[in-house]
Amino acid sequence: MVKDTRPHFEVHPSVVYQLGESLITDSVQALIELVKNCYDADASYAKVVIDTAGATDLAGAFYPPHGGRIVVEDDGHGMSLEDIDAGWLTISNRKKRDFKRAKKLTDRGRTPLGDKGLGRLGVQRLGERLEIFTKSKTDGGVHFGFSWSDFATKARLQDVDIQLDDWGGSKQPGTRLVVSNLREPEMWKGQDAIRKLQTELSQMISPFKAIRDFFVLIEVDGKTIELQEITEKVRNISPLRYDIKFDGTCLIVTGRARLNFFCPPNRKDAEDFALIAEGDDGQAFYDYLSQQKHARTINLRRANDANWFVEFSREWKLADVDGVERKVGPGSEIANPGPFFGEVDSFELSNTAFDRQHIFDRRTEFREHIKKYSGIKVFRDGFGISVDHDWLKLGAQWTSASSYYGLKPKNTLGYIAISARENMDIEETTNREEFKDTPFYRNFYALLMEFKRFTEQTQEFFGRSWVAFRDRRTEQLANVDSRKTVEDIAKAISDGLTGASHQQDQLDSFKERIQSSVKRASLVSKQLANANEVSPTLRRDISEALDELNPLLVEAQRAIGEASKFLGELGLVSEMGHVLDRRVDALREQMDNMYETVALGLTAEALSHEIFNIADQLASRTKKAQNRLRALDLNDRVLTGFIEHVKSSGMALRKQMSYLSPALRYVRERRDSIEVEPFMNELAAFYRGRLEQHKIAICVEVDEEMAFRIRMNRGKLTQIIDNFVLNSEYWLREDIAQGRLQRGVITIQISRPFVRISDSGRGIDPNIEHALFEPFVSAKGKGRGRGLGLFIIKQLIDSEGCNVGILPERNRHRRLFKFQIDFRGALDE
């Protein structure tokens, strides 16, 4: 028989080794993969023993315990020799996927988590040698093992040495997997390492009991490690809870809020809350809420559970979700991610919130515990899927405004529970570190975005409704008509206080008279005490003293009555003062909105100006090209048509830009974590093309050891820097045009926590340097500047809790020239 010599593929053993290294990039994840195998084996538990010293004695082991051991043991269905050959020894055999596709269940009603047949290759991250003791229900025990190093040195897969033997160490089905000669024994040693392992495992194995039916026991060097749990006691501290349920067709989100959810975080406002809202168990506030239009949108109702104040809910059909995607292919049905559910709790971490709870003894313990488990995690059958801490982008909605009411990433904890059975189309990447970007996942994410928008809208409705209700009740207590203006209230306060001077004059006069009478009465009293008998003169003095005191008593009663009435009126004035404070706060917020609107308008104006310039240049060059064609007597229809198209497009662009108004409607901004140096370099690159046309350079100088990040809205920060650059550009161009400079330079210096901006121009006019950040102050000629740029910059920077100023350093023209922004209030540590 002739040997088959046709070309064919072979797989070098090193490929297996490389696959294992690249698939699982983390030792803890590799350990979790082994625990998942126990779950897939239908075990009730998995026991993990980490022995860094190699003290574990295993009878019949192929390999000595040198370098430490990790032992993973379960009471699952075990493996027969056939299972070992088709499973462990056949790479990427997808028996589990076939099992799942057939909608089969294990005896415990489970669907296997694994489906790629590759996860076991990641075990090599744990140690060099692997051996497995296993027994199935029907066959005798089997013991086999191999060394991962053989895959790096052998020429063919067939050459990898696999040791095989019978095993009679157990009569019950189950598996014991032993990894020896650990690769990173130090990562399992010491208290810090154990705490880290405990935290990471508690994130990877659900800390929520509601979605965990599998127990994991862990022991490190003889010490039992308890996986942490988020108990119901802790969850019940939360003032706001959401339940999420998608049944495959409809998403239903139900929320519950306690009355203290509406309580302001500072103590003074909390005292007002107790008087206004808690006195009647929130009934008046609920009546007010239920009368609002948005209450019907969220199906607001009083909670059936006495521990909660209100309940609310909303539903969405998957087919109605905006942008829902379909499976690949024409006429395909919607890519349904499958049923899932979840729970989300939002916590308040203020001092008043700490005072209300009785679980934690210390504020730091309370806050650190919530922040430690914060985030909305995804678990598949109780096992965590690695996603970004804020994968739902809650932080992107967190604005700098004090009136932000939405979920905050570090105050929110919860889970989304999916399963291998119902959500097999929501797939993870091979390295288990994220989801595959498929239509099924995108629809899953779109549904959760509907949930997020619902929380934003609902919580803003609640927050603003409370403020409106509080202000209305305060005005009712102060007997203030809600239609009165701030000026009306201020006048009422002024009128109420005018009586103070009159009352003081009366009391001063009365005080002098009573002091005189008391002095005389005291003298008469002494005479009476020293006299043996009452003489006619003494009797007369007593009578006159009494006659003088009687009208004073009558006048005292009148004065006390008037003072009491006046004090009562002052109490009303005090309530008016509270009303005035609320009105001023509202005006201040309106002013903040106005500043941001104006800033957006300035950007729009600058944009329209630049686009006009581009359109002008395009029209000019198109005209030259057209003239060139005519001069060459070229009559090419395609070229002529293209030139006419460019001309008409340029004209249309100019016309559209003419409609752009600086007074664009303001859209509330979002905050991002920004690395300052790359951000400034990116802006500089953007400006450079335009500036170089006018002989202006821009550079970014960085103190390498003082780079930093800030949390701020990108658009707002761009607007701030843009205003500085536009201002410098204007004056540098003036200096160049006037021959005072050949070239100009704008410099941005970065040194934590400061950003300093300067230019090589003349500097700031001394006549306006004292009022530089005041509105409508400008050294520009009439019609060339509004005097609002620096004023708006200051308002924008102040709104972030930061500061801006001008350094006292002067340039060669003896003028101030260097601005400094202090970003300490926005540092993102």
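The values are calculated or read from the model by the stated rules, or taken from the named source; none is laboratory data. What you are looking at is a predicted structure, and each value in this text was computed from that prediction instead of being measured. Glycine also receives a Cβ, built like all others from the backbone with ideal geometry; neighbour counts cover every protein chain displayed. Each accessible area value is taken on the protein alone, full model and side chains, heavy atoms only, with ligands, DNA and RNA left out. Shrake-Rupley method; radii C 1.70, N 1.55, O 1.52, S 1.80 Å.
As a test question: what accessible area, to the nearest 10 Å², does ARG464 have when a 1.4 Å probe is rolled over all protein chains in place?
90 Å²
If I compute solvent accessible area with a 1.4 Å probe over the protein chains, what percent of it on the stretch 36-162 is carbon and sulfur?
Percent of accessible area from carbon and sulfur atoms in the stretch 36-162: 48.
Considering amide H positions built from the backbone, and no H for Pro or chain starts, which residues 5 or more places from VAL702, or on another chain, come under 5 Å of its amide H?
HN-HN under 5 Å from VAL702: ILE750.
Would you kindly state how much longer the chain becomes between LYS95 and THR640 on full extension, computed as 0.36 nm times their sequence separation minus their alpha carbon distance, in nm to one decimal?
Stretched fully, the LYS95-THR640 segment lengthens by 189.7 nm.
Note down the accessible area of GLU368, probe 1.4 Å, to the nearest 10 Å².
120 Å²
Please list ASP633, ASP355 in order of solvent-accessible area, largest first, computed with a 1.4 Å probe with all protein chains present.
ASP633, ASP355
List the residues, sorted by chain then number, that are 5 or more residues from ILE696 or on another chain and whose placed amide H is less than 5 Å from its amide H.
HN-HN under 5 Å from ILE696: GLY744.
Between GLU692 and HIS358, what is the spin-label point distance in nm, taking each point 7 Å from the Cα along the Cα→C-beta axis?
So the label points at GLU692 and HIS358 sit 7.1 nm apart.
Just to be sure I understand: of the beta bridges DSSP finds with both ends in the stretch 693-769, what percent are antiparallel, rounded to 5?
45 percent
List, in order, the whole-Hz ³J(HN,Hα) value for each residue of the stretch 671-683 obtained from phi through the Karplus relation with A = 6.51, B = -1.76, C = 1.60 and θ = phi - 60°; use x for Gly and Pro.
3J(HN,Hα) across the stretch 671-683, in whole Hz: 9, 10, 8, 10, 7, 5, 4, x, 4, 5, 5, 5, 5.
So if R0 is 30 Å, what FRET efficiency would ASN236 and LEU827 give, r being the distance between their Cβ atoms, rounded to the nearest 0.05?
With a Förster radius of 30 Å, E is 0.30.
VAL328 to ARG812: FRET efficiency via 1/(1 + (r/R0)^6), r the Cβ-Cβ distance, R0 60 Å, to the nearest 0.05?
The computed FRET efficiency comes out at 0.35.
Given R₀ = 51 Å, FRET efficiency for GLU186-ASP437 by Cβ-Cβ distance, to 0.05?
Using R0 = 51 Å, I get an efficiency of 0.90.
Using a 1.4 angstrom probe and counting only protein chains, how large is the accessible area of TYR39 in Å², to 10?
10 Å²
Working with all protein chains in place, sort ASP150, ASP221 by solvent-accessible area computed with a 1.4 Å probe, largest first. Kindly include the intermediate steps, with their values, before the conclusion.
Working: ASP150 30, ASP221 80 Å².
Ranked from most to least accessible, the order is ASP221, ASP150.
Counting only protein chains, not ligands or nucleic acids, how are TRP731, TRP148 ordered by accessible area (probe 1.4 Å), most first?
Largest accessible area first, the residues go TRP731, TRP148.
Could you list which residues have their amide H under 5 Å from that of GLY127, counting only those 5 or more apart in sequence or on another chain, with H placed in the peptide plane?
Excluding prolines and chain starts, which carry no amide H, the hits are ARG183.
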